[in-house]
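Asks: This structure is in structure tokens; I'll ask about it shortly.
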Amino acid sequence: MQNTYWTLFVIALFTIIASIAFIVLISILLSKGKLGKKYFVGASIALSFAIFLGIYILVPCVKDFEYAVSGTYIEDKMTAIEFTYANDNLDGNGITQYAKPKFLVERTGQYIVLFATDIELGKQYIVRYYPNTKICEVTELGNQQ
């Protein structure tokens, strides 16, 4: 779970830094006359999109930073209620793959959608997760009561 968090954090940070560096580079090329304005505008739009995407990913990572650094997480007993994402025939075998299950947190009675796989609906799990990035791991399967 921590490895997934740090991978996501590094990718988001790298995307932002690299995109800013490329915008500076194409600005220098434009000022020296080695790049047309059409190319500058197109590249700037694409790189601005990459920056915003990186920020969109980085903000939840920053909110969960203390959890990742300290090695802590939230752990709750949950019941899988439904899947919020289905991808038909992802690998060509004709089987629909389900992801992003919606859990009922038994302690609070609230619902939460997490990034988890290999979950069966209606079963209870002990789940460790980061609250903002929704990265989780199912640590224990409990019997439904």
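The values are calculated or read from the model by the stated rules, or taken from the named source; none is laboratory data. Owing to the predicted nature of the structure, the values given are computational and were not obtained by experimental measurement. Glycine gets a Cβ as well: all are built from the backbone with ideal geometry, and neighbour counts include every protein chain shown.
Asks: If a residue has to be assigned to a strand (DSSP E or B) and either outside the structural domain of residue 86 (by TED's automatic domain parsing) or not charged (D, E, K, R) (or both) to count, how many in region 99-114 make the cut?
Replies: So the answer is 8.
Asks: Looking at region 26-38 only, could you name the residues that are outside any helix (DSSP H, G or I) and among the aliphatic types (A, V, I, L, M)?
Replies: Listed by number, the list holds a single entry, 35.
Asks: Among 45, 95, 81, which is at pLDDT below 95, within 30 Å of residue 18 (Cα to Cα) and over 17 Å from the mean Cα position of the chain (by Cα)?
Replies: 45
Asks: Which is in a helix (DSSP H, G or I) and exposed (fewer than 11 other Cβ atoms within 10 Å of the Cβ), of 45, 23, 11?
Replies: Just a single option satisfies the conditions, and that option is 45.
Asks: To continue, here is another question. Residue under question is residue 51, and the condition is that it be in contact with a Phe, Trp or Tyr (Cβ under 7 Å, 6 or more places away or on another chain) and surrounded by 12 or more Cβ atoms within 10 Å (Cβ to Cβ); does it hold?
Replies: no
Asks: Looking for something touching a Leu at 6+ places or on another chain (Cβ under 8 Å), in a helix (DSSP H, G or I), modelled with pLDDT of 90 or more and surrounded by 12 or more Cβ atoms within 10 Å (Cβ to Cβ) - is there at least one such residue anywhere in region 61-75?
Replies: yes
Asks: Which one of the conditions (1) within 16 Å of residue 115 (Cα to Cα); (2) touching a Ser or Thr at 6+ places or on another chain (Cβ under 6 Å); (3) charged (D, E, K, R) does residue 82 fail to meet, given that it meets all the rest?
Replies: With (1) within 16 Å of residue 115 (Cα to Cα); (2) touching a Ser or Thr at 6+ places or on another chain (Cβ under 6 Å); (3) charged (D, E, K, R) applied to residue 82, the lone miss is (2).
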